[in-house]
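See structure below.
The values are calculated or read from the model by the stated rules, or taken from the named source; none is laboratory data. These figures come from a predicted structure and were not determined experimentally. Every residue, glycine among them, receives a Cβ derived from its backbone with ideal geometry; neighbour counts consider all protein chains shown. Areas reflect the complete protein model, heavy atoms only, side chains present, ligands, DNA and RNA absent. Shrake-Rupley method; radii C 1.70, N 1.55, O 1.52, S 1.80 Å.
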Amino acid sequence: LVLISSYGEVVIGKALLGVTYVGIMTAILLGITRLRPVSNGLFLGSMVLLAICLLGFGLLLGSVFKSATQLNTWSGLLLIPAIIPASIIGLGLPSLVDRIAGLTPTGAGMKLLTNAFSEEALYHPNWQPALVLIVWSAIFYALLLWQLSRRRS
């Protein structure tokens, strides 16, 4: 792909394909489980932000490893610490632990999605976890473009 377009265009294309895939899979899962968010706008916004952020993380992981075999071997181990904060949110642990978990992409996404499915907001204000996702997205995509630009030189 990079023979006919720039790294930036390839990243944008892969991210858009990933967001489309997440949208289709989310619709299928909501249909199967018959879950309905209380706030459709918050749910949609949260899913888009979380998808963009985690796709950036995945693309960054893919750019670090030299082969698909290395990626498949090591990515599972790297994903465990990324997933743990989402499972910590809402367990009733001390507020400091909850705040630290909320500073990660999966923790912030879990806070937003929890609010989207609950009658009253359990985590507020909503802009803080959204800002966390935006900042992490910028970091992931900046590192990805930097990593890819190093390959070109």
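Brief remarks on what is shown
- Of all residues in the stretch 60-74 being in contact (Cβ under 8 Å) with a residue 12 or more places away in the chain and over 15 Å from the mean Cα position of the chain (by Cα), the one that is farthest from THR20 (Cα to Cα): VAL64
- Residue in the stretch 121-130 that is within 24 Å of LEU61 (Cα to Cα) and of a type outside the set (Val, Ile, Thr) present: yes
- The sole residue among LEU78, LEU55, LEU17, LEU60 that is modelled with pLDDT under 90 and more than 26 Å from ALA121 (Cβ to Cβ) is LEU78.
- Of all residues in the stretch 132-153, those that are part of a helix (DSSP H, G or I) and either open to solvent by 50 Å² or more (accessible area, probe 1.4 Å) or in contact with a strand residue (DSSP E or B) (Cβ under 7 Å, 6 or more places away or on another chain) (or both) total 13.
- On inspection, VAL135 does not qualify as at pLDDT below 90 and among the β-branched types (Val, Ile, Thr).
- Meets criteria (of a type outside the set (Asp, Glu) and modelled with pLDDT of 90 or more) for PHE65: no
- Pairs linking a residue in the stretch 89-108 that is farther than 10 Å from TYR123 by Cα and acidic (Asp, Glu) to a residue that is modelled with pLDDT of 95 or more and not in a helix (DSSP H, G or I), with Cβ atoms under 8 Å and 6 or more positions apart or on different chains, do not occur.
- Sole exception among (1) open to solvent by 70 Å² or more (accessible area, probe 1.4 Å); (2) touching a helix residue (DSSP H, G or I) at 6+ places or on another chain (Cβ under 8 Å); (3) part of a loop (DSSP other than H, G, I, E, B) for GLY92, by number: (2)
- Within the stretch 122-131, at least one residue is closer than 25 Å to ILE12 by Cβ, part of a helix (DSSP H, G or I), open to solvent by less than 50 Å² (accessible area, probe 1.4 Å) and among the aliphatic types (A, V, I, L, M).
- Failed item, numbered, when GLU119 is tested on (1) part of a loop (DSSP other than H, G, I, E, B); (2) without any contact (Cβ under 8 Å) to a residue 40 or more places away in the chain: (2)
For every residue, the table says whether it meets (1) surrounded by 11 or more Cβ atoms within 10 Å (Cβ to Cβ); (2) in contact with a Gly (Cβ under 7 Å, 6 or more places away or on another chain).
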position: SER6; (1), (2): yes, no
position: LEU29; (1), (2): no, no
position: SER46; (1), (2): yes, yes
position: CYS53; (1), (2): yes, no
position: LEU61; (1), (2): yes, no
position: THR73; (1), (2): yes, no
position: LEU79; (1), (2): yes, no
position: SER87; (1), (2): yes, no
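- Within the stretch 35-59, residues that are of a type in the set (Phe, Trp, Tyr) have Cβ atoms under 8 Å from residues that are open to solvent by 60 Å² or more (accessible area, probe 1.4 Å) and in a helix (DSSP H, G or I) in these pairs: PHE43/PHE117; PHE57/TRP136, counting only partners at least 6 apart in sequence or on another chain.
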